[in-house]
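S.K.: Before anything else, here's the structure in question.
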Amino acid sequence: MSRSSPESDASLGRGEENGHVAETDAIDERISRLGIPFNEYGIDPYGISKTYLRWGMRLLHPLYRSYFKVETYGIEHVPPRGRAMLVGNHSGGFALDAAMVLAAMFFSMDPPRLAQGMADKFIYRLPVASLWASRMGQMTGLPEHCVRLLEDERLLLVFPEGARGTAKLYGDRYTLVTFGTGFLRQALQTKTPIIPFGFLGGGEALPTIANSYTLGKILGLPYVPITPYGLPFPLPTRMQIRFGAPLSFEGTGSEEDAVLGAWVAEVKTRIASLIEEGRA
Amino acid sequence: MRVLLVGVSTAIGRLLVLELSRAGHEVLGIDRRGWVDAPVPVFELDVRTRAAEDVFRRTRPEVVVHLGTVASLVMPGEERYRINLGGTRAVFDHGRAYGARHVVFVGRHTYYGASHDSPLYHTEDDPPMALSTFPELADLVAADLYACTALWRSPDLATTVARVCYTLGPSGQGTLGTFLKGAFVPTLLGYDPLFQFMHERDVARAIALAIERRLRGVFNVVGPPPLPLSILIRETGRRAIALPELVYALALGRFGLPKLQKGALGHIRYPVIVDGSAFRMATAFAYELDEATAMRDFREAFPPPRRKE
């Protein structure tokens with residue numbers, strides 16, 4: 001399994017005289033190589049915006065490269081083009097993990113890819129958050145979206161633990177909670193390879209000691225993570241994303257839950273072993 | 001073919017007259033508003049009246065196109081219900097009674113409603129969530145569903161239910177054109193939904209194509225891919241006024257801003273986008289006028305009011 005770290009990512013032209021300009025140009029160049037059919041206004045049919053991607057990636061780049069120092073292993077398992085489903089564990093009290101996978105696909109793959117996350121519905125009720133999520137290609141986690149994007153040869157990002165996964169406390173940071181089965185149905189239906197990944201470090205970045213569901217209700221969120229220092233502000237810890245070899249299953253997606261359950265367990269076991277490899 | 005257009009005085013109706021006449025069809029029209037200097041016979045009638053029935057009886061159209069539903073939310077609800085439901089029923093009843101072989105009902109894509117948890121692209125199988133998200137549109141949804149019942153109630157009659165996305169063009173008519181008329185367009189702070197619209201001339205072409213193919217079934221009709229509302233406002237020369245939701249309801253209908261119903265807020269918060277692939281497959285329809293042309297034509301017909309230097 002090959003390792004790549006953000007420090008080794010020279011594609012953004014750091015070290016040049018005018019690093020900021022070079023970095024912006026490199027982000028623009030990467031956006032142009034995503035293979036997304038933007039129209040003359042820089043918008044794709046799903047509402048992804050070149051402008052938002054540019055700003056979003058400029059924000060994610062220092063987080064990915066310097067603040068969290070994310071290391072990726074086995075990124076070669078992600079196909080450079082065509083439909084694929086990244087399936088992994090949640091790590092950390094909110095979607096830091098998704099943001100870092102998004103950054104890894106954009107900054108550490110060549111050609112770059114845009115991972116389109118299947119996000120929780122509550123995000124799309126919130127002003128600003130819903131706007132940024134949709135302009136960055138992140139869509140509500142609905143089977144219809146999943147199937148449509150895969151049939152459009154996009155790269156999907158799925159966390160089958162859902163909001164239960166982000167609610168894990170610090171002591172449970174390397175465990176996995178129950179997986180939903182929907183992702184596997186859609187993978188079977190669209191004959192899409194599943195790329196398992198283990199994400200490590202989110203629990204350390206945001207050491208959750210409790211979740212406030214009352215505060216969450218007031219703010220329109222499922223919960224608010226509480227840390228030893230109070231605020232859910234992520235600490236600058238190292239993170240790892242370990243991608244495994246693609247998993248493919250033969251089926252139609254209309255199998256009984258018992259059949260699917262065994263395959264889902266196989267995916268879950270593979271993710272658990274990737275997490276253990278990272279801890280070793 | 002002899003084609004009767006109900007609601008012929010609408011912008012789409014007028015364009016459809018030209019489209020069908022060019023194709024060699026004999027076109028007639030009915031509209032409550034009349035049409036001065038119309039190039040075809042137009043009967044200034046309400047389709048629910050006996051006189052309108054007499055037009056069906058005398059002219060015996062082979063195809064009837066219903067463009068006469070009313071979307072204006074300014075009209076009292078009870079009156080709208082009567083026009084939209086009674087009018088739709090009259091179109092189908094008279095059409096069937098007097099020998100029509102094809103009825104085209106022109107509905108709206110807002111049938112599907114705007115919601116944070118609905119699919120971005122609605123297919124024709126999706127339920128009419130507008131009933132819960134925008135109850136003021138219930139009569140339009142009911143008219144659409146009533147038209148759909150003709151598919152099984154009258155199997156000998158070819159029925160097309162066309163759910164057309166927003167239209168834009170030089171007429172300035174339609175929900176979107178009306179929304180964009182003023183110099184300032186109110187938006188909700190923190191939201192910028194995708195809007196799906198097509199040039200009004202392409203709408204007329206699409207309906208003409210449905211007639212040519214004697215299309216049977218329910219179809220979404222769309223043009224170019226959608227654009228964010230902010231770009232739509234900018235490209236039509238307007239200025240967006242982003243208001244927090246609490247302020248929004250108080251400001252509507254004042255300070256030159258358009259008056260909107262409460263349910264309409266959902267449409268500037270969440271997108272209503274439809275998948276038009278079934279119609280494209282059935283008719284080989286392809287839009288000819290892109291989004292830039294639709295916005296430019298609207299802007300040229302309704303230039304933004306000049307700002308003080």
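The values are calculated or read from the model by the stated rules, or taken from the named source; none is laboratory data. Keep in mind it's a predicted model, so treat the numbers as computed, not measured. Heads up, the Cβs are rebuilt from the backbone with ideal geometry, glycines too, and the neighbour counts pull from every protein chain shown.
S.K.: Of all strands (runs of 3 or more DSSP E) completely enclosed by the stretch B:162-279, which ones contain at least 1 residues that are away from chain A (no Cβ under 12 Å) and modelled with pLDDT of 95 or more?
M.R.: Numbers: elements: B:166-168, B:184-188, B:197-199, B:217-221, B:239-243.
Once the strands (runs of 3 or more DSSP E) in the stretch B:162-279 are filtered for at least 1 residues that are away from chain A (no Cβ under 12 Å) and modelled with pLDDT of 95 or more, what remains is B:166-168, B:197-199, B:217-221.
S.K.: To continue, here is another question. Limited to the stretch B:280-292, what total is found for residues that are within 13 Å of another protein chain (Cβ to nearest Cβ) and surrounded by fewer than 18 Cβ atoms within 10 Å (Cβ to Cβ)?
M.R.: 2
S.K.: How do the strands (runs of 3 or more DSSP E) wholly within the stretch A:103-220 filter down when requiring 2 or more residues that are over 30 Å from B:V274 (Cβ atoms): which remain?
M.R.: Values: elements: A:115-119, A:155-158, A:194-200, A:210-212.
Qualifying strands (runs of 3 or more DSSP E): A:194-200, A:210-212.
S.K.: Do you know which residues across the stretch B:86-144 are assigned to a loop (DSSP other than H, G, I, E, B), more than 13 Å from B:P271 (Cβ to Cβ) and small (G, A, S)?
M.R.: Of everything in the stretch B:86-144, those that are assigned to a loop (DSSP other than H, G, I, E, B), more than 13 Å from B:P271 (Cβ to Cβ) and small (G, A, S) turn out to be B:G99, B:A100.
S.K.: List the pairs whose first member sits in the stretch B:252-268 and is closer than 16 Å to B:T178 by Cα, whose second member is modelled with pLDDT of 75 or more and assigned to a loop (DSSP other than H, G, I, E, B), and whose Cβ atoms are under 6 Å apart, counting only residues at least 6 apart or on separate chains?
M.R.: As it stands, the answer is B:G256/B:G182; B:H267/B:A114, since those pairs meet every condition given.
S.K.: Say we look at the stretch A:119-141 and pick out the residues that are touching a residue at least 60 places away in the same chain (Cβ under 8 Å), farther than 19 Å from A:L59 by Cβ and under 16 Å from the mean Cα position of the chain (by Cα); which of these is nearest to the other protein chains (Cβ to nearest Cβ)?
M.R.: Once the filter is applied, the top-ranked residue is A:M139.
S.K.: Still on this structure, please answer the following. Any idea which of A:E266, A:E255 is surrounded by 13 or more Cβ atoms within 10 Å (Cβ to Cβ) and free of Cβ contacts under 8 Å to residues at least 60 places away in the same chain? If you could, list the steps in order and put the result at the bottom.
M.R.: Values: A:E255 fails: free of Cβ contacts under 8 Å to residues at least 60 places away in the same chain.
The unique qualifying residue is A:E266.
S.K.: For the stretch B:33-43, how many residues are within 21 Å of the chain's Cα centre (by Cα) and more than 21 Å from B:V63 (Cβ to Cβ)?
M.R.: Step one: filter the stretch B:33-43 for residues within 21 Å of the chain's Cα centre (by Cα), giving B:33-35, B:42.
Okay, now just the ones that are also more than 21 Å from B:V63 (Cβ to Cβ), so B:33-34.
Here the count works out to 2.
S.K.: In the stretch B:101-121, which residue that is touching an Asp or Glu at 6+ places or on another chain (Cβ under 6 Å) and not aromatic (F, W, Y) is surrounded by the fewest Cβ atoms within 10 Å (Cβ to Cβ)?
M.R.: First pass over the stretch B:101-121, keeping only residues touching an Asp or Glu at 6+ places or on another chain (Cβ under 6 Å): B:101, B:107, B:111-112, B:119, B:121.
Then drop every residue that is not not aromatic (F, W, Y), which leaves B:101, B:107, B:119.
On the way: B:R101: 15, B:G107: 24, B:P119: 19.
Step by step, filter the stretch B:101-121, then rank; the result is B:R101.
S.K.: Specify the residue that is surrounded by the fewest Cβ atoms within 10 Å (Cβ to Cβ); the eligible residues are those in the stretch A:69-91 that are modelled with pLDDT of 95 or more and over 22 Å from A:M139 (Cα atoms). Outline the logic, then answer.
M.R.: We begin by selecting, within the stretch A:69-91, every residue modelled with pLDDT of 95 or more; these are A:70-89.
Among the residues that remain, those that are also over 22 Å from A:M139 (Cα atoms) are: A:70-77.
Working: A:V70: 24, A:E71: 21, A:T72: 29, A:Y73: 21, A:G74: 21, A:I75: 20, A:E76: 14, A:H77: 19.
Applying the filter and picking the extreme gives A:E76.
S.K.: Tell me yes or no: at least one residue of the stretch A:111-118 is within 25 Å of A:L34 (Cα to Cα) and within 11 Å of chain B (Cβ to nearest Cβ). I'd like the intermediate steps shown before the answer.
M.R.: If we filter the stretch A:111-118 for residues that are within 25 Å of A:L34 (Cα to Cα), which is where we start, we get A:111-118.
Cutting the leftovers down to within 11 Å of chain B (Cβ to nearest Cβ) gives us none.
No, the stretch A:111-118 contains no residue that is within 25 Å of A:L34 (Cα to Cα) and within 11 Å of chain B (Cβ to nearest Cβ).
S.K.: May I ask you to list the residues in the stretch B:17-66 that are in a loop (DSSP other than H, G, I, E, B) and farther than 19 Å from B:A90 by Cα? Before the answer, list the steps.
M.R.: The initial filter retains those residues of the stretch B:17-66 that are in a loop (DSSP other than H, G, I, E, B), namely B:23-25, B:32-41, B:45-49, B:60-62.
Listed by number, the residues that qualify are B:A23, B:G24, B:H25, B:W35, B:V36, B:D37, B:A38, B:P39, B:V40, B:P41.
S.K.: Let me ask something else. Regarding the stretch B:147-161, can at least one residue be identified that is within 30 Å of B:Y98 (Cα to Cα) and within 14 Å of another protein chain (Cβ to nearest Cβ)?
M.R.: Of the stretch B:147-161, the ones within 30 Å of B:Y98 (Cα to Cα) are B:147-161.
Next, only the ones that are within 14 Å of another protein chain (Cβ to nearest Cβ) stay: none.
Checked against the condition, which is being within 30 Å of B:Y98 (Cα to Cα) and within 14 Å of another protein chain (Cβ to nearest Cβ), the stretch B:147-161 yields no hits at all.
S.K.: Turning to a different aspect of this structure: Would a scan of the stretch A:142-149 turn up a residue that is surrounded by fewer than 22 Cβ atoms within 10 Å (Cβ to Cβ), over 17 Å from the mean Cα position of the chain (by Cα) and more than 30 Å from A:Y46 (Cβ to Cβ)?
M.R.: No, there is no match, as no residue in the stretch A:142-149 is surrounded by fewer than 22 Cβ atoms within 10 Å (Cβ to Cβ), over 17 Å from the mean Cα position of the chain (by Cα) and more than 30 Å from A:Y46 (Cβ to Cβ).
S.K.: Those residues that are more than 24 Å from B:T149 (Cβ to Cβ), polar (S, T, N, Q) and buried (at least 21 other Cβ atoms within 10 Å of the Cβ), I need them from the stretch B:204-249; list them, please.
M.R.: B:T236
S.K.: Going through the stretch B:278-295 one residue at a time, which ones are in contact (Cβ under 8 Å) with a residue 12 or more places away in the chain and not aliphatic (A, V, I, L, M)?
M.R.: B:F279, B:T283, B:F285, B:Y287, B:E288, B:D290, B:E291, B:T293
S.K.: Hey, B:R89 hits all of (1) basic (K, R); (2) surrounded by 15 or more Cβ atoms within 10 Å (Cβ to Cβ); (3) in contact with an Asp or Glu (Cβ under 9 Å, 6 or more places away or on another chain) but one; which does it fall short on?
M.R.: Answer for B:R89: the failing condition is (3).
S.K.: Here's something else I'd like to know. When you go through (1) modelled with pLDDT of 95 or more; (2) surrounded by fewer than 20 Cβ atoms within 10 Å (Cβ to Cβ); (3) more than 14 Å from chain A (Cβ to nearest Cβ) one by one for B:E124, which number turns out not to apply?
M.R.: With respect to (1) modelled with pLDDT of 95 or more; (2) surrounded by fewer than 20 Cβ atoms within 10 Å (Cβ to Cβ); (3) more than 14 Å from chain A (Cβ to nearest Cβ), B:E124 is out only on (3).
S.K.: Let me ask something else about it. Since B:T133 meets every condition but one in (1) touching a helix residue (DSSP H, G or I) at 6+ places or on another chain (Cβ under 6 Å); (2) β-branched (V, I, T); (3) more than 29 Å from B:Y248 (Cα to Cα), which condition does it not meet?
M.R.: Every listed condition holds for B:T133 apart from (3).
S.K.: Next up: Is it fair to say A:Y223 is within 20 Å of A:D172 (Cα to Cα) and without any contact (Cβ under 8 Å) to a residue 24 or more places away in the chain?
M.R.: Details: within 20 Å of A:D172 (Cα to Cα): yes; without any contact (Cβ under 8 Å) to a residue 24 or more places away in the chain: no.
Here the answer is no, as A:Y223 does not meet what is asked.
S.K.: If I go through the stretch A:228-249 residue by residue, how many of them are in contact (Cβ under 8 Å) with a residue 40 or more places away in the chain and in a strand (DSSP E or B)? Steps first, answer last, please.
M.R.: Filtering the stretch A:228-249 for residues in contact (Cβ under 8 Å) with a residue 40 or more places away in the chain gives A:232, A:234, A:236-249.
Checking which are in a strand (DSSP E or B) leaves us with A:239-243, A:247.
Total meeting the criteria: 6.
S.K.: For the stretch A:3-11, does any single residue satisfy the condition of being assigned to a loop (DSSP other than H, G, I, E, B) and either surrounded by fewer than 18 Cβ atoms within 10 Å (Cβ to Cβ) or at pLDDT below 95 (or both)?
M.R.: Restricting attention to the stretch A:3-11, the residues satisfying the condition of being assigned to a loop (DSSP other than H, G, I, E, B) are A:5, A:9.
After this cut, where a residue has to be either surrounded by fewer than 18 Cβ atoms within 10 Å (Cβ to Cβ) or at pLDDT below 95 (or both) as well, the list is A:5, A:9.
Scanning the stretch A:3-11, I find at least one residue that is assigned to a loop (DSSP other than H, G, I, E, B) and either surrounded by fewer than 18 Cβ atoms within 10 Å (Cβ to Cβ) or at pLDDT below 95 (or both), so the answer is yes.
S.K.: Every residue in the stretch A:26-60 that is among the β-branched types (V, I, T) and either within 14 Å of chain B (Cβ to nearest Cβ) or within 15 Å of A:Q116 (Cβ to Cβ) (or both), please.
M.R.: Taking the stretch A:26-60 as the starting set, the residues that turn out to be among the β-branched types (V, I, T) are A:27, A:31, A:36, A:43, A:48, A:51.
Answer for the stretch A:26-60, where residues must be among the β-branched types (V, I, T) and either within 14 Å of chain B (Cβ to nearest Cβ) or within 15 Å of A:Q116 (Cβ to Cβ) (or both): A:I31, A:I36, A:I43, A:I48, A:T51.
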